[in-house]
1. Treating only the Cβ atoms of Lys and Arg (+1) and Asp and Glu (-1) as charged, compute the dipole magnitude of the range 201-286 about its Cα centre; round to the nearest 20 debye.
2. Gain in length, ALA258 to ALA358, computed as 0.36 nm per residue apart minus the alpha-carbon separation, to one decimal in nm?
3. Once each part is reduced to its C-alpha centroid, what is the distance from the range 6-35 to the range 188-246 in angstrom?
4. With r as the distance between the Cβ atoms of GLU134 and ARG426 and R0 = 25 Å, compute the FRET efficiency 1/(1 + (r/R0)^6) and round to 0.05.
5. Using protein chains only and a probe of 1.4 angstrom, how many square angstrom of TYR480 are accessible, to the nearest 10?
6. Tell me, what is the FRET efficiency for GLU26 and SER522 to the nearest 0.05, using R0 = 51 angstrom and their Cβ-Cβ distance as r?
7. For CYS491 and ASN213, what is the calculated FRET efficiency with R₀ set at 35 Å and r taken between the beta-carbons, to the nearest 0.05?
8. Picking from TYR447, PHE493, LEU434, whose Cα lies most toward the positive end of the charge dipole for the range 430-511 (charges on Cβ: Lys, Arg +1; Asp, Glu -1)?
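The values are calculated or read from the model by the stated rules, or taken from the named source; none is laboratory data. As the structure is a computational prediction, the values presented were derived from the model and not from experiment. Virtual Cβ from ideal backbone geometry, glycine too; neighbours counted across all protein chains shown. We work out accessible area using only protein heavy atoms, side chains counted, and drop any ligands, DNA or RNA first. Shrake-Rupley method; radii C 1.70, N 1.55, O 1.52, S 1.80 Å.
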Amino acid sequence: MDDRDGEARWDGLCSRDVGARALALENLGQAVLKKMEQICPGKENPPPERLVGFLPSSATQGTLNEMLARLLMLSKRCPFRDVKEKSESILIGVQEFGIRIPRPLGQGPSRFIPEKEILQVGNEDAQMHTLFEETFATLGRLDNITLVMVFHPQYLESFLKTQHYLLQMDGPLPLHYRHYIGIMAAARHQCSYLVNLHVNDFLHVGGDPKWLNGLENAPQKIQNLGDLNKILAHRPWLITKEHIEQLLKTEEHSWSLAELIHAVVLLTHYHSLASFTFGCGISPEIHCDGGHTFRPPSVSNCCICDITNGNHGVEEMQVSLSGSIPTESFCEVEALMEKMKQLQECRDEEEASKEEMATRFEREKRESMLVCCSEDEESAPTRDVSRHFEDTSYGYKDFSRHGMHVPTFCVQDYSWEDHGYSLVNRLYPDVGQLIDEKFHIAYDLTYNTMAMHKDVDTSMLRRAIWNYIHCMFGIRYDDYDYGEINQLLDCSFKVYIKTVVCTPEKTTKRMYDGFWRQFEHSEKVHVNLLLVEARMQAELLYALRAITRYMT
């Protein structure tokens, strides 16, 4: 809906008050009816043979189609039962009127995870239902990222709380700046999913539509953030205090320290969230481009109830070429557990010298450069995404190439716990605490299981994944034996990790399926949570160290 009244109608559906939702639903029903009457003036019930499959005229098609697509989303993903049922009822009424309604595309929130394995809205327990309602009331949607993260409720709650604070609570930056920075960050990885979500949010909070025509149309202050955005996204080890000084001392277009901290946190949050989006194969939202279609299904034996339910020729079973999990993957978990046991025994028997530990780090750092992110050819970003950033050719480059040496970042000299946390909390109160909690939940999260095995201590494996990601960014923990990484992470897993973290837009389903083949999808999502938080912390460490050096 284009006008503010229309916006208010949609907002009313997110109210926690039943009466307010009922009024909003009534208004929405009337608005849809008005559009239908514009198609057939004076004919409340036109002959079915004239209007079956009828598409609205070009004058009204856009607005009505947007309304119907959003109603489809509400009928599938709204945790308020009254809104869900009424939305479905309106759609059925439109269809009975003779106008074609949309149907969902795809197979659920993720292209990588079968829909039947993801919690369906309406089947959640009381605690999760409360979280769903809070999320919907806040965002106006239950997005696909939320529905995939729901495998890990403790993390999801922390993630949503942090994101809500960054985007909607009191802070140094105005609301429209926050969403625009999210667009800039997501666009660096060609993540149209996140770009589309925040374009809508940017407009909803009163952002200037002209900014969306390209970064050059945004204020100079925002444009000045472009360099920091691209370096943080692709080569964060190159950030210096000079980059920070340039932003803070640009006279009329300068950033305050508090504003810059807010911007840095937003950039790192959305770079990392782009990794999760691609790493878990997140599908387009139902109401967005690519999430629905008005074309009838090609399968001839579908009934109307199948179409409105989204069951239209979707294969329920996903099988490998052989029809089963390859035999060798059955040994995968046992072999990994045996390596973990052997490494623990070696730890107990002897400890490597400091010199040997440093050598092992350098060796692992060099080897991480040889891991290829993807076999796919590089593709230029599409115009609708690339317009939100400059220098489209700037991308990930390995930490050290062609003999160029960059000093190792020693966590013992500058760490999140001892330095970054307090700096963020001082300049952007409470955010440091929220981010710290999120880091710890992702790192410590365990159900003491590995595939079908129970009562397993997975801390060694989780630490190897976290430290391998930081190693790719040149970050070293001097109390960690980097020789463990090669023992615990095989080649296909390293390829997946490096691709999701460094060039997430190149992630494929084949790569997702290719590692940990015997593990549950929930465990692979947990891996992605580790990748998200380890990447965010790595970017933050480099940016915050540069800010600290500028301040001192």
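1. Details: 6 positive and 10 negative charges, 49 e Å.
For this selection, approximately 240 debye.
2. Working: separation 100, 0.36 × 100 = 36.00 nm, distance 3.66 nm.
32.3 nm is the gain from fully extending ALA258 to ALA358.
3. 34 Å
4. Numbers: r = 29 Å, r/R0 = 1.16.
The calculated FRET efficiency here is 0.30.
5. Per-residue accessible area (TYR480): approximately 0 Å².
6. On the way: r = 41 Å, r/R0 = 0.80.
For GLU26 and SER522, the calculated efficiency is 0.80.
7. Numbers: r = 44 Å, r/R0 = 1.25.
That pair, CYS491 with ASN213, gives E of 0.20.
8. Projecting each Cα onto the dipole axis, the largest value belongs to PHE493.
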